[in-house]
Amino acid sequence: MSIKLKQLLAKAGKALDKMDYTSAGALFEQAVTLSPQAHRGWYGLGEVASGIGQADTAASFFGHAAQLQPDNARYHQRLGETLGRLGQVKDGLAHLRAARRLAPRDTGVLCSLSGGYVKAGNWHKAKSILLEVVRMPHPQAAHYCLLGLACQCLGELDEALTAFKKATSLAPHYPDAWVSLCHLYIQKNVLDKAGDALHTLFTLVPTATSTFDLAGDLALTRGDTQEAAKFFKQAADSAPEQRDIQSKLAITQVMNGDALAAIDTMERLHALGASDDWILEKLGAVFTLKYWTPMARESLEMAVERNPDNIDAWNLLLAVYTRSGESEKVRKAADTLLEKDPDNIAAMLHLATWYNDQGRHDEALALLDRARTRQPSAHTTYSKTLWTLVSASSASAADILSVARAMDEHIFRPHLRGNDFADRDRNPERRLRIGWLSSDMRRHPVSAFVQPFLPHLDRERLEIFVYYNFSEEDAITRQIKQHADHWRTVVGIGDDSLADLIEGDEIDILVDLNGFTDGGRTDMVARKPAPIQASWLGFPGTSGMTAMDYILTPPDPVLEKGEWCSETPWPLPDCYGVRADISEAAIAPGLPCERLQTPFTFACLNHFRKASEKTIELWSRILVRLPEARMILVAIGGKDDDTIRYFTGQFERHGVDPRQLAFRGYAPRQQYYESYNEIDLGLDPFPFNGGTTGYDSIWMGVPFVTWPGEHLCARMGKAILENAGLHELVADSAEAYVDIAVRLAHDRERLKALRAGLRERMLASPLLDAPRMARNLETAFRGMWRRWCAESAEKQTPATNGATTDTDAKTRKQRQA
């Protein structure tokens, strides 16, 4: 290198250090003109371009420097970082990995590589890199903050807490560490410690925007909206250009009823480029997320009033109307939206939900078919179609399976990773790692079936992992948490990262407790992060997934044939589930019709969407044969006159007197249980039987009549009744269903005998035997694992007539079942 070139590069470097980009750029340009092979000059030009915000140009210069000096780790590092910012994540990672190979102990390179994995959504690998960093000599507080963030995003909140605490101990005056710690404590709802961390921040950086913003978040979490508004106001004053803080301020001002101040804040948002309807839409979105339905409705109605073409506001408003049971408003809003945007999938789905809520399944299916035609790869359209099909009396098990398999072909199968888990310990008797994937480990019907058996699982034979896909916890969550060896809060983690996490945990059997329910992670499950995957409890039907090996069922010859599902059915020996969280409401003595001097009362306290066309026909035949009897039904909009007129019309066309029908909306928990004391005999809907409601009915001493169908949710009533010793209430035909109900209405002594001691019989049955359910699940998991080990061994054995394929294995597995 010539003396002149050295001098140019030295001067350019000094100018760059002072951020004098004009001088530095001119000097580096002279250097590469003098010597086109001067890689330091090209690298310097890359730093100049990066400093003035020209990332495309910077990437070109860094790339040229790396070509000239391919063994320079710093060049690859800066090129990889820049490509990541440009969205070229894969190429960026390739250069960051190259930098690591060249400088494996360089903490700067390793931190950049972890950042590259974060951009790729792979938090698991980002964490593993950061663990290497903090194990090196003299790790910095910033390194522990990054590690804590990775753990937090992976749902490993306790590990995140350890990392953030370490950061604060290494650098007690480092504000970012305290900000991270405070955020985590708020997330964990440990508000006193969040307050302590915030107090430290006020000592260190009392006027920082982040301090005021965090103080507002903590006050809002505590429910102190006045205090929250005060802090958000200080944050907004210190950073008036930040829209998100201005939005928080506006929201708290609205909550406080401070209309004039809220208007001022919205005007500032408007000045920042936000329109009135955008502001109202964002307010409505936050209120919707917080389940503050009346405020959400008001904000969104104002948004569409100001801008009738705000499609996003209309979509949110549809969701709010659906949630609050405003049936007619759902229909009108969906119709309006489809007029503005005939291909609006969200409007079609909401209108289909409206049809379903009224039991109009065929009309819903027609609309969902239209939506699938418009958007063949729409996940929600398929899942709503499957929910509708399991409720529709016009749909067969083959119809359901066909749609589920089409969903697999179009949506799930492309995600399948094809991991053969060759490095997994195939000891058939070793301790197994069981992963439970659910958004419902809280007060929810699913948790009521998980909470009872979990404490009784043999922890010497099973290691329990819970992947909790919900942002909030309650008393039920905390109870369940006590019985998990490992708890991961995974809400917000991408599908690939979550699959990586489960693979990294070496889960042997992953049990999906959601399926196509709210909070489900079916796209992640489709990646098959565990060698064995099973479906249970959430969606009561087939997933259609190639990635799903088993579906747990009650013992039932029809279900065990497996003609209704893509998975291999695995029958649990006694019953489908054990229930907890049942009310202590007392059972009133005698038949309600005699005690209350009312007409003989049938009822179905399931949602009316389960009332298929055939169900209404048979219920009507019962009521026509018993004109003095009445029937209680539950539906969204059950107090709305237009809705009631429609529902009664469905029965009137079969000859039922409307005075025989009593429609009710949803009731509070205790009132719901007490309403069973008005019911003489229950009527199970079909093909979608009652599940949780069936347990409740037996618990409250009310037997019900059921007619089993072809698939899982169509045979739930049978499983419940047989465990309660009520075999005679399981009909084998439509005529038998009607005859049983009519006969028991006349034979009250027989009905009294069936009702007598029903709660005691349930208590003595498998339906409430949690230890028995735990043993049954342990046996099921062990059987699945032994089968997988045996089949894996067969795959590893050379075949004489060609290799064994995965399809061959699945076929053999189905035959064995």
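The values are calculated or read from the model by the stated rules, or taken from the named source; none is laboratory data. Nothing here was measured: the structure is a model prediction, and the numbers come from that model. Because the Cβ atoms are built from the backbone with ideal geometry, glycine has one as well, and the counts that use them run over all protein chains shown. Calculation scope for accessible area: heavy atoms of the full protein, side chains included, ligands and nucleic acids excluded. Shrake-Rupley method; radii C 1.70, N 1.55, O 1.52, S 1.80 Å.
If you plug the beta carbon distance of residue 664 and residue 224 into 1/(1 + (r/R0)^6) with R0 = 35 Å, you get a FRET efficiency near 0.40. Counting protein heavy atoms only, the stretch 545-644 has 51 percent of its accessible area on carbon and sulfur, 1.4 angstrom probe.
Please state the shape class of the stretch 322-412: rounded when a/c is under 1.5, otherwise prolate if a/b exceeds b/c and oblate if not, all from the C-alpha gyration tensor. Oblate is the answer for the stretch 322-412, as a/c is 1.5 or above yet b/c matches or exceeds a/b.
Scan the stretch 337-440 for GluC sites (Glu not before Pro) in coil per DSSP, keeping those whose Cβ has at most 15 other Cβ atoms within 10 Å, and list them by number. When the GluC sites (Glu not before Pro) of the stretch 337-440 are filtered for loop state and at most 15 Cβ neighbours within 10 Å, 429 remain.
Quote to one decimal, in nm, the extra length available between residue 323 and residue 584 on full extension: 0.36 nm per residue of separation minus the C-alpha distance between them. Don't jump to the answer; show the numbers that get you there.
On the way: separation 261, 0.36 × 261 = 93.96 nm, distance 2.84 nm.
Extra length available between residue 323 and residue 584 comes to 91.1 nm.
Of the listed pairs 193/230; 14/90; 127/165, which have alpha-carbon separations greater than 24 Å here? Result: 14/90 exceed 24 Å. Label separation (residue 169 vs residue 394): 6.7 nm, computed from points 7 Å beyond Cα along the C-beta direction.
Stretched out straight at 0.36 nm per residue, the stretch from residue 430 to residue 790 would grow longer than its current Cα-Cα span by 128.2 nm. With a simple spin-label model that places each label point 7 Å from the Cα along the Cα-to-Cβ direction, the separation between residue 37 and residue 191 comes to 6.9 nm. A full extension of the chain between residue 370 and residue 410 corresponds to an added length of 12.8 nm, given 0.36 nm per residue minus the alpha carbon distance.
Among the chymotrypsin sites (Phe, Trp or Tyr not before Pro) within the stretch 425-532, not one is in coil by DSSP while having at most 14 neighbouring Cβ atoms inside 10 Å.
Simple rule: put +1 on each Lys or Arg Cβ and -1 on each Asp or Glu Cβ in the chain, find the dipole, and look at 704, 390, 601; the Cα lying farthest toward the positive end is 390. Measure out, as a whole number of angstrom, how far apart the alpha-carbon centroids of the stretch 565-600 and the stretch 82-140 sit. Distance between centres, Cα-based: 55 Å. Across the protein chains, with a 1.4 Å probe defining accessible surface, the residues 663, 61 rank 61, 663 from largest area downward. When each of the peptides 145-158, 744-757 is scored by the mean number of other C-beta atoms lying within 10 Å of its residues, the order from highest to lowest reads 145-158, 744-757. Distance between the 7 Å Cα→Cβ label points at residue 56 and residue 752: 8.8 nm.
Counting pairs of alpha carbon atoms under 8 Å apart in space and at least six apart in sequence, what relative contact order in percent does the stretch 516-611 give? RCO, the stretch 516-611: 18 percent. Among the GluC sites (Glu not before Pro) in the stretch 637-687, which ones are in a DSSP loop with at most 10 other Cβ atoms within 10 Å of the Cβ? Mind listing them? For GluC sites (Glu not before Pro) across the stretch 637-687 that sit outside H, G, I, E and B with at most 10 neighbouring Cβ atoms in 10 Å, the list is empty. Between the labelled values (i) -0.35, -0.67, -1.05; (ii) -0.30, -0.59, -1.00; (iii) -0.41, -0.71, -1.05, the entry that holds log10 I(q)/I(0) by the Debye sum over Cα atoms at q = 0.05, 0.07, 0.09 Å⁻¹ as derived from this structure is (i).
Working from Cα positions, state the angle (0 to 90°, nearest 10) between the long axis of helix 39-51 and the longest principal axis of the chain. Computed tilt is about 60 degrees.
Average accessible surface for the stretch 479-554: 22 Å² per residue, computed with a 1.4 Å probe over protein heavy atoms with every protein chain in place. For the stretch 352-510, the relative contact order is 19 percent, taking Cα pairs closer than 8 Å that sit 6 or more residues apart in sequence and dividing their mean separation by the residue count.
Between amide H atoms placed 1.01 Å from N, distances below 5 Å from residue 375 occur with no residue 5 or more places distant or on a separate chain. Using C-alpha pairs under 8 Å with a sequence gap of at least 6, the mean separation divided by the residue count of the chain gives a relative contact order of 8 percent.
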